[in-house]
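Read the structure below first, then the notes.
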């Protein structure tokens, strides 16, 4: 796999995490609203506090797909947060640091990055 392929794989993983979080928030808020309709406003308020997390994951997806430095920084930040979620979060953190902070990530995100044909 080329560095660009690893970068896209990380973007897909973060995009899936963001989408799963959004679906979970929606299902959780809807089920709680059906269970206790009087507390529906409180559930929506709680959901708005948690909404930036999946939104940031979707931004990481966009940032990694378009090879932006801010996408790389956000992915590295999430990997630091997820290192404590053993075992899958730890694996994601190690893979993220290996791809983005290693030699291939430095080459991909350098201002003088080679074209896609030379990404081997």
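Read-outs: derived from the displayed coordinates by stated rules, not from any lab. If you're wondering where the values come from, they're calculated on a predicted model, not measured in any experiment. In this analysis, Cβ positions are derived from the backbone assuming ideal geometry, glycine residues included, and neighbour counts consider all displayed protein chains.
Figures for the structure shown
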{"quantity": "Options 60, 27; residue that is within 19 Å of residue 106 (Cβ to Cβ) and either under 18 Å from the mean Cα position of the chain (by Cα) or not in a loop (DSSP other than H, G, I, E, B) (or both)", "calculated": "60"}
{"quantity": "Residue match in segment 37-46 (condition: out of contact with any helix residue (DSSP H, G or I) (no Cβ under 6 Å at 6 or more places or on another chain) and within 24 Å of residue 5 (Cβ to Cβ))", "calculated": "no"}
{"quantity": "Yes/no for residue 82 being in contact (Cβ under 8 Å) with a residue 40 or more places away in the chain and within 19 Å of residue 11 (Cβ to Cβ)", "calculated": "no"}
{"quantity": "Filtered residue count, segment 47-61, keeping only those that are without any contact (Cβ under 8 Å) to a residue 40 or more places away in the chain and in contact with a helix residue (DSSP H, G or I) (Cβ under 9 Å, 6 or more places away or on another chain)", "calculated": "8"}
{"quantity": "Count of segment 63-84 residues which are surrounded by fewer than 15 Cβ atoms within 10 Å (Cβ to Cβ) and part of a helix (DSSP H, G or I)", "calculated": "6"}
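Matching residues to (1) assigned to a helix (DSSP H, G or I); (2) crowded, with 17+ Cβ neighbours inside 10 Å:
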position: 10; (1), (2): yes, yes
position: 34; (1), (2): yes, no
position: 86; (1), (2): no, no
position: 94; (1), (2): yes, no
position: 106; (1), (2): yes, no
